[in-house]
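Input: a single structure, listed below in structure tokens.
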Amino acid sequence: MRLRKQSKKSIAVPVALAIAITLITAIGSSAQSARTVNPVQVAQGQKQKIQGVVSIRSGDSFKVRDPGGNETTVLLTSGTDVTSHSRGLRGKKDYPVTYIMRGLRVQAQGKGDSQGNLVAEWVRFDEQDLRAAQALEQTDELAADNEARVTAAEKAAQEAAAEARRMAAQIAENTALANDARAKADAAQAQADAAFKSAAMANNRINGLDSYDTVRNIPVLFKVNSSIIDVTAKQTIDEAAAWAKGEKAKGNANGWLVQVVGFADTTGKTAKNRALSDRRAKAVIQYLVGVHNLDLRRLVQPFGYGDAKPVADNSTAAGRAKNRRVEIIILQNKGIANTVGAN
């Protein structure tokens, strides 16, 4: 697939929330009717167009379920055209197949194969539905990950407390002994103290699951009124990606998240600068995902601040150059990295 760089307007929060609520309702309805799903077979060679919500995404295929519970298996090929719906004069925008995810409302057209699947010629979706599906996917994955870690930490704390109680009972028993009661009691007390310390550390990790440290901030600079990543910007991103891979190999990347934020100088109107900064942030994300295989689960929702929050004086050319930037901010979860109270 080839990607075309297109301008994207900022989406108002009420609109995004409305879309998210619609998708949640659709997914909930699909879950409630899971026992009445009707698998649909497409006759071989028959051309057919379907629409609905992606219920399952697996490899080069996915399933589309309509409101009536009819579910069709769709196969993706190297020739499948994945785009947004037409956006007026700007036309449609190409997307990689990886953007097709569970909860996304889509339309697809193709022909049936010998196994009753629909081999897609094209797949289309609304960009607002895509943003809502991405937000839902990220929220679900982070919540599940945090819940698993909290459960493990609570189990460790319970085991440590049980061990402490066992050792306390042993201490009480050893105090009744004649000759070596004192030595055994001291050793048992030391082990009990270690168990209690372990339980306290586990509680600290639980409390730190909503706290983050900034590991590194990498500024990527852009030319005037441009969201194109030039050679210098690519080199900056490539060097940062190489550094991050090295840190991961050392075991230092546990709990990392990537926040991508766009900015602009004061050249032009505020609304235009806000849209420009949003395009810059999304261009950097496209490069990180497409070239360096950034895991989307590590990505925080991107944002464009426009000409707000300058880092230099906008009255000078040098200052404006520094303000035309995207900041790639590496964050680390304190609870996962066990760094609560380290600072």
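Numbers below:
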| quantity | calculated |
| --- | --- |
| Exposure ranking of Val258, Val291 by accessible area [1.4 Å probe, largest first] | Val291, Val258 |
| Rounded to the nearest 10 Å², the accessible area of Thr151 at probe 1.4 Å | 80 |
| R0 of 30 Å, Cβ-Cβ distance Trp122-Lys245: FRET efficiency to nearest 0.05 | 0.25 |
| Interchain or long-range residues, amide H under 5 Å from Gly52's placed H | Val106 |
| Residues with amide H under 5 Å from that of Trp256, placed H, sequence gap 5 or more | Asn333 |
| Computed FRET value (nearest 0.05) for Asn38 with Gln286, which takes r as the C-beta separation and R₀ as 45 Å | 0.75 |
| For the stretch 253-270, Karplus couplings with θ = phi - 60° (6.51, -1.76, 1.60), whole Hz, Gly/Pro x | 9, 5, x, 6, 10, 10, 10, 10, 10, x, 9, 9, 7, 8, 5, x, 7, 4 |
| The stretch 53-127, accessible area per residue, ligands and nucleic acids excluded (1.4 Å, Å²) | 42 |
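The values are calculated or read from the model by the stated rules, or taken from the named source; none is laboratory data. Everything quoted here is computed from the prediction, not taken from an experiment. With ideal geometry, Cβ positions are generated from the backbone for all residues, glycine too; neighbour counts draw on all protein chains shown. In case anyone asks, the SASA skips ligands and DNA or RNA and just uses the protein heavy atoms, side chains included. Shrake-Rupley method; radii C 1.70, N 1.55, O 1.52, S 1.80 Å.
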